[in-house]
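A short worksheet on the structure shown next.
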Amino acid sequence: MKFDRIRDLREDNDLTQDYLGKVLNVSQRTYSRYENDERAIPIEVFSKLADFYNTSVDYLIGRTNVKDSYSKAE
C-alpha cells in the first residue's frame, strides 16, 4: 500500500529524506523505502510522523482528508 501523503508532506515542508530519517532514527535509505512502498512502515513510525506533522495517522494513511485532526494542549 503506497502512502503518498508522507512524501507530499515532506516535500511541502521542504524537508529531505535524510532529515526525516534522523527524526525517526532510521537511515535515509530506510526512509526512502517507506516512501516508495519497498518496506512496511511500522505503526511507531506512523505515530512519530503524525506527531511531527501535527496530524493523525488516519490522515497519513488516507482514511481521512482532514489534515489537522487535533490540536495539542496548551
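Take the residues in the stretch 26-41 that are in contact (Cβ under 8 Å) with a residue 24 or more places away in the chain and assigned to a helix (DSSP H, G or I); name whichever of them is surrounded by the most Cβ atoms within 10 Å (Cβ to Cβ).
Only one residue tops the list, namely TYR34.
Name the pairs whose Cβ atoms lie under 6 Å apart, with the first residue in the stretch 1-25 and farther than 16 Å from ASP58 by Cβ, the second hydroxyl-bearing (Ser, Thr, Tyr) and surrounded by 14 or more Cβ atoms within 10 Å (Cβ to Cβ), and 6 or more positions between them or separate chains?
Pairs found: GLN17/TYR31; GLN17/SER32; LEU20/TYR31; GLY21/TYR31.
Pick out the one residue from SER56, SER27 that is modelled with pLDDT of 95 or more and of a type in the set (Gly, Ala, Ser).
Selected residue: SER27, the only one of SER56, SER27 that is modelled with pLDDT of 95 or more and of a type in the set (Gly, Ala, Ser).
Looking only at residues in the stretch 43-74 that are in a loop (DSSP other than H, G, I, E, B) and either among the polar types (S, T, N, Q) or within 11 Å of the chain's Cα centre (by Cα) (or both), which one is farthest from ARG5 (Cα to Cα)?
SER71
The values are calculated or read from the model by the stated rules, or taken from the named source; none is laboratory data. In this text the structure is predicted, and so the values were computed from the model without any measurement. Cβ coordinates were reconstructed from backbone atoms using ideal geometry, including for glycine residues, and neighbour counts include every protein chain displayed.
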